[in-house]
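Colleague: I have a structure I would like to understand better, so I am pasting it below and will then ask my questions one at a time.
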Amino acid sequence: MFFARFFVTLHAEYSMIEQSTIDRVLAAADIVDVVKDFVALKKAGASYKGLCPFHEDRTPSFIVTPAKQLCKCFACGAGGNVVKFVQMHEQMTWPEAIRYLANKYGIEVEESGRTDEQKERSKERESHFVVNEWARDWFSRMLHEDSDGIVVGMGYFRERGFRDDTIRKFQLGYCPDRRDAMSQAAQKAGYEQSLLVNDAETRQGTGVCFKNDRGGLTDRFRGRVIFPIHTVSGRVVGFGGRVLAKATKGVSQKYVNSPESIIYSKSRELYGLFQAKQAIAKQNCCYLVEGYTDVISMHQSGVENVVASSGTALTEGQIALIHRFTNNVTMIYDGDDAGIHAALRGTDMLLAQGLNIKVLLLPDGEDPDSFARSHRAEEFRQYIADHEVDFIRFKTEILMKDCKGDPVKKAEVVNDIVQSIAVIPNDILRQTYSHECAEQMRMAESVIVKAVADRRAKSIVPSMRSAAQPQSDATAAATAPQTPAPTENPQEGGNAAPQQKMLVEERNLAFALIKWGSLSFRFYGEEEDLNVTDFITEELEMDDIRLEHPLCARVLQLAQQMRGEEQGLDVKAWVMRFTMNEDEKVATMADVATNDKYRLSEKQREQLRPDEERLTEIVPRLVYELKYHIISEQVREAQLRLRQPEVVSDSALMARLMAEYRDLSAIKREVGRMLGARTVKRPAAR
């Protein structure tokens, strides 16, 4: 039996975070202490009670039980142990939550399976964070204690109307207008020049200072108020500095940001996300603005689900961050030409990632900062609700202003809108927007639908179609008419034919084959790299597992066929072989798999590492998640057999089945424990 063999090898496991570290974190982390950081708790007998942070709770329904080290909301059902609470509240992955708790309790995180180079890189990254956090504290101290900081820096923030609690919340600061005040303080505190100065080629160093012509150090942010930039977990990766109005003469840049470093990339950070993430998740909507002060003023007015792209054009990395917390985005911009063009630039990128987009242009002369300062939160939210429009209506109203009955210009507007609709990955949403576009432009819907379809077809390079190989006999059989229809929507499960609902675990393996089937990774304990397709094939064959859903099985067969015919395909060509496949259902699944909205193993995603660099963690885990599902089904079937009358009446049969049930349950517990914290080592060849 498959799992009888699998159980023997379960002891061979791997964890990036050492079990000893996990044990120390769980022993040190007190759930009351942790929850109190986020929820006001009151003693209630042997437990504590407070308002649930996971839903709009009016009467305390969130109970924390110290004796069990558990929490639970008796209204919405959310809860769990201390790690689960941090995961849910801070929207972190399991490893991120462990690291968060380790940092809170001063526990060093020990990781195994890393090379000396990886360990050194980790130390370098941590050194950058330490310098930035020292700089944040120094800037804050200068704002509150330095004479210029109090008069100039604090004067600017007061003019903006920022309260003390807001200044503390965003950790705002000031850098004195003296050439090397900060660099002198940093070196006196023991920080080396190599960490203070940034090397553009290697991206080493934080760049809070730079070398001047005389070889000395000059403070990058001198004479500026400081806006620390945080990761989603709250660590400082960089700074934005604004020169003050009276000092702008002769200064070309009003804002200066930290240079790109090994911990900071402007295109992958959103200002205010750390402070806004809980409100975004709770409201299920993110307001997107342009500047630091826009975010801060909206927060202070009570509208907290807001982030800023920090003056840069919106990027895919920033969109992926938003997507972790919500699918709904409202872009809020000034009503001038610059604001309109900014809104138009951002819509297509957001739509392509599967987000639902609305746009709000504020009245002339207003920006989110000024509007928030002159309106209460309720008034601001009501204004948004009354004036936000979907992107079709927005584009139509904006672009049609210049048409003035000109049919050529109207056709250009229609083509512009069609282009936006064409990038939407979801078929139903594309159809809905096509219908709305046809109504607004007073055109036949069939014309819009055809234009959208043509535009999507042209976005795929025609020459790649010839790269698609003929299907194997096995694949042809899988596509025969008698094959049960796969799900209409692979990412959601869809309306599958009877008994053919697509398992999430099988779907994820199929996605991995489509995206990474041509790549290789170094598995733990192996001397040579292993190909993803070969690894998945061998693991499934090792335990006699077959993918049950026809579409997933078809993807595996195609990947195996491609590996046998051409082993030199790069990632782009490999994926194209799927997206251009003659089988429409395979092509659709490939389209879904390669869209970021449907990222694999999102719970494991680490903020600054692309999945392609984490195949050693991801691919084995996906295989073992499927195996966990199978063992769970076997346990359930064993339970049902034990309840049958003929088994109950036969003591010998009952004893044999009970022994089998105990073995299966032990396997399930072990696999579940490992999947909760680890990537599993590969079983020895059998």
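The values are calculated or read from the model by the stated rules, or taken from the named source; none is laboratory data. In this text the structure is predicted, and so the values were computed from the model without any measurement. Every residue, glycine as well, gets a Cβ built from its backbone with ideal geometry; the counts of neighbours run over all protein chains shown. Just the protein is used for accessible areas: all its heavy atoms, side chains included, with ligands, DNA and RNA removed. Shrake-Rupley method; radii C 1.70, N 1.55, O 1.52, S 1.80 Å.
Colleague: Tell me which helices (runs of 4 or more DSSP H) are completely within region 376-456 and hold 2 or more residues being closer than 30 Å to Gly161 by Cα and open to solvent by 50 Å² or more (accessible area, probe 1.4 Å), or say none if there are none.
Modeller: Correct list: 377-387.
Colleague: Working only within region 292-323, note down all residues that are at pLDDT below 85 and farther than 23 Å from Ser258 by Cβ. Talk me through it step by step, then tell me what you get.
Modeller: The first filter runs over region 292-323 and keeps only residues at pLDDT below 85, leaving 310-317, 320-321, 323.
Correct list: His323 only.
Colleague: Within region 155-176, is there a residue that is in a strand (DSSP E or B) and without any contact (Cβ under 8 Å) to a residue 40 or more places away in the chain?
Modeller: No, because not a single residue in region 155-176 is in a strand (DSSP E or B) and without any contact (Cβ under 8 Å) to a residue 40 or more places away in the chain.
Colleague: So which of Met589, Met658 ends up being loosely packed, with under 15 Cβ neighbours inside 10 Å and either in contact with a strand residue (DSSP E or B) (Cβ under 9 Å, 6 or more places away or on another chain) or at pLDDT 80 or above (or both)? Walk me through it before giving the result.
Modeller: Working: Met589 fails: loosely packed, with under 15 Cβ neighbours inside 10 Å.
Going through Met589, Met658 in turn, just one is loosely packed, with under 15 Cβ neighbours inside 10 Å and either in contact with a strand residue (DSSP E or B) (Cβ under 9 Å, 6 or more places away or on another chain) or at pLDDT 80 or above (or both): Met658.
Colleague: Among the residues of region 131-139, are any open to solvent by 60 Å² or more (accessible area, probe 1.4 Å) and within 30 Å of Asp294 (Cβ to Cβ)?
Modeller: Yes, some residue in region 131-139 is open to solvent by 60 Å² or more (accessible area, probe 1.4 Å) and within 30 Å of Asp294 (Cβ to Cβ).
Colleague: Residue check: is Leu172 touching a His at 6+ places or on another chain (Cβ under 8 Å), under 17 Å from Val237 (Cα atoms) and crowded, with 20+ Cβ neighbours inside 10 Å? Steps first, answer last, please.
Modeller: Details: touching a His at 6+ places or on another chain (Cβ under 8 Å): no; under 17 Å from Val237 (Cα atoms): yes; crowded, with 20+ Cβ neighbours inside 10 Å: yes.
So Leu172 does not fit the description; no.
Colleague: Filter region 205-217 down to the residues that are open to solvent by 60 Å² or more (accessible area, probe 1.4 Å) and either in contact (Cβ under 8 Å) with a residue 12 or more places away in the chain or in a helix (DSSP H, G or I) (or both) and list them by number.
Modeller: Listed by number, the residues that qualify are Phe210, Lys211.
Colleague: Conditions: (1) in a helix (DSSP H, G or I); (2) at pLDDT 85 or above; (3) surrounded by fewer than 18 Cβ atoms within 10 Å (Cβ to Cβ). Ala477 meets all but one. Number of the miss?
Modeller: (2)
Colleague: Please give the number of the condition Ala189 fails out of (1) touching a residue at least 40 places away in the same chain (Cβ under 8 Å); (2) surrounded by 16 or more Cβ atoms within 10 Å (Cβ to Cβ); (3) more than 30 Å from Ser301 (Cβ to Cβ); (4) of a type in the set (A, V, I, L, M, F, W, C).
Modeller: (2)
Colleague: Which of the residues that make up region 56-73 are more than 27 Å from Ala102 (Cα to Cα) and in contact with a Cys (Cβ under 9 Å, 6 or more places away or on another chain)?
Modeller: If the condition is that a residue be more than 27 Å from Ala102 (Cα to Cα) and in contact with a Cys (Cβ under 9 Å, 6 or more places away or on another chain), then Asp57, Pro60, Ser61 are the ones that fit.
Colleague: Here is a follow-up. For Ala67, indicate whether it is open to solvent by 20 Å² or more (accessible area, probe 1.4 Å) and either at pLDDT below 90 or among the small types (Gly, Ala, Ser) (or both).
Modeller: yes
Colleague: Given the conditions (1) in contact (Cβ under 8 Å) with a residue 24 or more places away in the chain; (2) open to solvent by 10 Å² or more (accessible area, probe 1.4 Å), and given that Glu201 satisfies all but one, which numbered condition is not satisfied?
Modeller: Looking at each condition in turn, Glu201 falls short on (1).
Colleague: OK, next. Determine which single condition Ser183 fails, assuming it passes every other condition in (1) among the small types (Gly, Ala, Ser); (2) in contact (Cβ under 8 Å) with a residue 12 or more places away in the chain; (3) in a loop (DSSP other than H, G, I, E, B).
Modeller: (3)
Colleague: Restricted to region 91-107, and to residues that are aromatic (Phe, Trp, Tyr) and at pLDDT below 90, which residue is nearest to Ile322 (Cα to Cα)?
Modeller: Filtering first and then ranking leaves Trp94.
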